[in-house]
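Let me begin by presenting the structure, written as structure tokens, before commenting on it.
The values are calculated or read from the model by the stated rules, or taken from the named source; none is laboratory data. Predicted model, so just to flag it, every value in this text is computed and none were measured. Please note: Cβ atoms are built from the backbone with ideal geometry, for glycine as well, and neighbour counts cover all protein chains shown.
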Amino acid sequence: MKIFFAALFAGLLVITHAWAEQEVKHRYNVQGYVLDENNKGLVNQQVKIFKGRILLEMGKTNSEGFYSLKFKLRDSDNQQILKLSVGAHEADLRVAFETDDFNTSKVHEANFVDGKFIEGALTQFRFPTWIYPIIGLIAISFLAIKLERRRKKKIQQHKNKLSGRQSVSSHHAKKKRRKKH
């Protein structure tokens, strides 16, 4: 009888350990905007997120077309594909998170603009965020060119000033020589 209870207890420990491995640990948030062709928010659009055929979460867009779906995932869900559905439009989202980070809530930006899926955050002007580093590089390049031209102009002015001084000083030297003779 003691052996039976010991085996039962050991079996329960193994099962609970396996169950704990599949415990829901990761907070995940899919959020974004649902906009029309004029970049205006679509109100009360139903948004759903599925893992296979299982509905994980659903919600509606607010007055600006914004939605936020919060749910939890397991370690085994990492790199899986979720299906995002907004009305007649659907998109696939690949789940990505650090499996050893349980404290940080992962935010996945997913937007629909005029029925087209755009992954990543939209700015207040509705530009994808990757556009800003490009604009920054263009601005820095423009500024560098402008500053280089200015530097060259100052160098040239300095050279002209020096050559002007030399010609004036050589002119004075010639006058002094004439007076001595």
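Within the range 21-67, take every residue that is touching a strand residue (DSSP E or B) at 6+ places or on another chain (Cβ under 7 Å) and acidic (Asp, Glu) and give me the one that is modelled with the highest pLDDT.
Residue satisfying both the conditions and the ranking: Glu57.
For the range 52-76, which positions are farther than 18 Å from Gly32 by Cβ and among the charged types (D, E, K, R)?
Correct list: Arg53, Lys72, Arg74, Asp75.
What pairs come up if the first residue lies in the range 46-70 and is farther than 24 Å from Thr104 by Cα, the second is acidic (Asp, Glu), and their beta carbons are under 9 Å apart, counting only those six or more places apart or on different chains?
From residues that are farther than 24 Å from Thr104 by Cα, the pairs are Gly65/Asp36.
Yes or no, residue by residue, for (1) surrounded by 10 or more Cβ atoms within 10 Å (Cβ to Cβ); (2) modelled with pLDDT under 65; (3) in the same structural domain as Gln79 (by TED's automatic domain parsing); (4) closer than 30 Å to Val43 by Cβ:
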site: Glu109; (1), (2), (3), (4): yes, no, yes, yes
site: Val113; (1), (2), (3), (4): yes, no, yes, yes
site: Lys116; (1), (2), (3), (4): yes, no, yes, yes
site: Gly120; (1), (2), (3), (4): yes, no, yes, yes
site: Gly136; (1), (2), (3), (4): yes, no, no, no
site: Glu148; (1), (2), (3), (4): yes, no, no, no
site: His158; (1), (2), (3), (4): yes, no, no, no
site: His181; (1), (2), (3), (4): no, yes, no, no
